[in-house]
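These notes are about the structure you will find just below.
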Amino acid sequence: MNFTERVNKIEEMLNEDWFEMLETNEEEYEEWRGRLEDHAEQVITHYDQENGVDVNSIDKLLQLNDEFPLLYGEDTVRLYIALIEARPEDKAVYDRYVDYLAAISDASHEQFLHFHTLVEAGRLEEARQLAPHMPQRLGLEG
């Protein structure tokens, strides 16, 4: 399966009645969760920025990840950066990236507040330049 097919499979699985499974058959839920995590791992191995991946699939994956976190850290950041590069004028993407950074770091950090201020002020070109460096500036990378 390629990237888009895997994203669609993840979406399909998340549309299943997994919450009822969790409540009634934990073993079935764990098996389902394992398959879902396998797809999440594989979707990243099929992400190839150089050969291009459908931007709408990246967006869909990030939205699914907001609802049911499967991707973490640098993988998620990499997808947000690709989405920002593909849609540099879409403030909603920056807002979602800000929300993600706030969730994984210290929202009172000086660098985070600076980035957030740029986004809020609509200074998206400056925010775009800063976006890839935010994890390092927030001390999330070694």
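The values are calculated or read from the model by the stated rules, or taken from the named source; none is laboratory data. All values reported here derive from a predicted model rather than from experimental measurement. Cβ sites come from the backbone with ideal geometry, for glycine too, and all protein chains shown count toward neighbours. These accessible areas exclude ligands, DNA and RNA; they are computed on the full protein's heavy atoms, side chains included. Shrake-Rupley method; radii C 1.70, N 1.55, O 1.52, S 1.80 Å.
Scanning the stretch 72-87 for residues that are of a type outside the set (Asp, Glu) and surrounded by 14 or more Cβ atoms within 10 Å (Cβ to Cβ) yields 76, 77, 78, 79, 80, 81, 82, 83, 84, 86, 87. List the pairs whose first member sits in the stretch 16-39 and is within 18 Å of residue 67 (Cβ to Cβ), whose second member is surrounded by 14 or more Cβ atoms within 10 Å (Cβ to Cβ) and of a type in the set (Val, Ile, Thr), and whose Cβ atoms are under 7 Å apart, counting only residues at least 6 apart or on separate chains? Pairs found: 36/10; 39/10. Put simply, of 10, 44 the only residue that is surrounded by 12 or more Cβ atoms within 10 Å (Cβ to Cβ) and either in the same structural domain as residue 78 (by the TED database) or touching a residue at least 60 places away in the same chain (Cβ under 8 Å) (or both) is 10.
Scanning the stretch 60-92 for residues that are among the hydrophobic types (A, V, I, L, M, F, W, C), in contact with a helix residue (DSSP H, G or I) (Cβ under 8 Å, 6 or more places away or on another chain) and assigned to a helix (DSSP H, G or I) returns 61, 62, 64, 77, 79, 81, 82, 83, 84, 86.
Considering only residues of the stretch 13-41 that are within 15 Å of the chain's Cα centre (by Cα) and among the charged types (D, E, K, R), which is most open to solvent (accessible area, probe 1.4 Å)? So, considering only residues that are within 15 Å of the chain's Cα centre (by Cα) and among the charged types (D, E, K, R), the one most open to solvent (accessible area, probe 1.4 Å) is 41.
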